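Comments concern the structure below.
The values are calculated or read from the model by the stated rules, or taken from the named source; none is laboratory data. Just so you know, these numbers come straight off a predicted model, no measurement behind them. Cβ placement follows ideal geometry from the backbone for every residue including glycine, while neighbour counts extend to all protein chains displayed.
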Amino acid sequence: MTWIINIVLILAIIAMLVYPRWNLRRNAKVVDNEEFNRLMSTSQVIDIREANQYRVKHILGARNIAAAQIESSLNAISTHKPVLIYENARPVAAAKVAKQLKKAGVPEIYILKNGISNWKGKVKEGN
């Protein structure tokens, strides 16, 4: 009986590790610095961090719509242009945001692989 419980626990752990990655890749493409930078001129760049983090440092040309505000701000995002999103480091909140954007009709969604912490392009730094 304990071996059945162990198998169920192992399967649950595997599902918890695999599902977020699968869900992320289903709704968006994770891209590196070079690809993100190349796409910027034809896309909408959205910083999904909180406003206080955005004010300290953000990618030049990015708009700030915090992940928690995406649902109520969908009308501010065009469904006719690709959307590039980023956060601090590895995409965590980005998976949920990408799913919301995809559901709202945004056909192309890209996520900066390692976030602004590893961004090599231009930034604006504030207070």
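Residue by residue through region 101-117, note down the ones that are outside any loop (DSSP other than H, G, I, E, B) and surrounded by fewer than 16 Cβ atoms within 10 Å (Cβ to Cβ). So that I can check it myself, show each step before the final result.
In the first step, residues of region 101-117 are kept if they are outside any loop (DSSP other than H, G, I, E, B); the result is 101-103, 109-112, 116-117.
K103, S117 - these are the residues of region 101-117 that are outside any loop (DSSP other than H, G, I, E, B) and surrounded by fewer than 16 Cβ atoms within 10 Å (Cβ to Cβ).
Among the strands (runs of 3 or more DSSP E) confined to region 18-90, the ones with at least 2 residues that are modelled with pLDDT of 95 or more are located at 44-47, 57-59, 83-86.
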